[in-house]
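Every read-out reported here was derived from the displayed coordinates using simple, explicitly stated rules and does not represent laboratory data. Please read these numbers as outputs of a predicted model, since none were measured by experiment. We place every Cβ from the backbone using ideal geometry, glycine too, and count neighbours over all the protein chains shown.
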Amino acid sequence: MADAKEFLRVDSSDEDTTITALLDAAVAWVEDYCNRSFTAGGSAVFHVERWRNAALAYGPVTAITHVKYDDTSGAEQTLSTDKYYIGAATDGSMMIYFHDTPDLETYNAHPVRVTAAVGIEESANVKHAVKMLVAHWYENRRAVVTGTTPVQVPMSVESLLSVERIIDHRQ
């Protein structure tokens with residue numbers, strides 16, 4: 001909060017509620033854009049189609065917490081850890097591979113759910129991109145700007161985040 005207020009050149013606490021809301025929105029936007037969680041100790045659930053090998057293209061995935069699946073009767077079961085393993089993909093995501101797996105419920109589009117620990121500490125680029133978004137939204141509080149010709153600052157937020165982004169080309 002103090003970094004954002006300094007970046008915005010705001011000295012009072014009158015706008016703290018607004019700035020906090022903008023910070024939360026900016027962090028959520030950056031995490032969505034990058035397909036990464038910048039909160040260490042977070043978790044994510046990946047819905048997998050059947051027992052297909054799958055990219056866990058959000059993260060970074062630091063560990064698999066558990067794999068749950070719906071058996072042929074529709075009851076939720078936990079898959080034994082010796083029935084899967086993970087490996088790194090070249091794009092920064094993780095892949096999960098299954099073997100010797102049980103039968104699944106027939107009429108369920110996503111009967112397999114992988115819960116994983118995710119999160120990484122944000123880099124200086126990510127911190128600066130968040131501050132830039134907060135400043136932009138703080139100074140432009142309406143969805144439409146009238147009376148001016150808006151221009152995007154070249155080499156801005158997307159450029160700062162491009163090195164952090166996970167793009168899954170397999171889907």
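Counting only residues at least eight positions apart within a chain, or on another chain, the lysines with an alpha carbon under 20 Å from that of K5 are K127, K131. Mean sequence separation of contacting Cα pairs (under 8 Å, at least six apart), scaled by the length of the chain, corresponds to a relative contact order of 32 percent.
With a 10 Å cut-off between alpha carbons and a GNM built on the chain, which of V48, V144, V157 moves the most? Highest fluctuation of the listed residues: V144. Projecting the Cα positions of Q77, N125, F98 onto the charge dipole of region 1-130 (unit charges on Cβ atoms of Lys, Arg, Asp and Glu, taken about the Cα centre) puts F98 furthest along the positive direction. Net charge dipole, region 42-118: roughly 200 debye, given to the nearest 20, about the Cα centre with Cβ charges of +1 for Lys and Arg and -1 for Asp and Glu. Here the chain is assigned +1 on the Cβ of each Lys and Arg and -1 on the Cβ of each Asp and Glu. Its dipole about the Cα centre then comes out at about 340 debye. Taken as Cα centroids, region 6-31 and region 33-87 sit 33 Å apart, rounded to the nearest whole angstrom.
Once the Cα atoms of helix 124-139 and of the chain are each reduced to a long axis, what angle between those two axes, in degrees from 0 to 90 to the nearest 10, is obtained? It is inclined by approximately 60 degrees.
Full extension of the chain between A25 and T72 yields a length gain of 12.8 nm, computed as 0.36 nm times the residue separation minus the alpha carbon distance. When only Cα pairs below 8 angstrom with a gap of at least 6 residues are kept, region 42-118 shows a relative contact order of 52 percent. Helix 16-34 and the longest principal axis of the Cα set of the chain meet at an angle near 50°. Quick note on the chain: its Rg to Rh ratio, both from C-alpha atoms and Rh being the Kirkwood radius, is 1.11.
Here K83 is the anchor, and the lysines within straight C-alpha reach of less than 18 Å, apart from those fewer than 8 places off in the same chain, are K68.
Which GluC sites (Glu not before Pro) in region 16-88 sit in a loop by DSSP (not H, G, I, E or B) and have at most 13 other Cβ atoms within 10 Å of their own Cβ? Answer in residue order: E49.
The Stokes-Einstein estimate for region 42-118, based on a Kirkwood radius over Cα pairs and taken at 37 °C with 0.692 mPa s viscosity, is a diffusion coefficient of 262 µm²/s.
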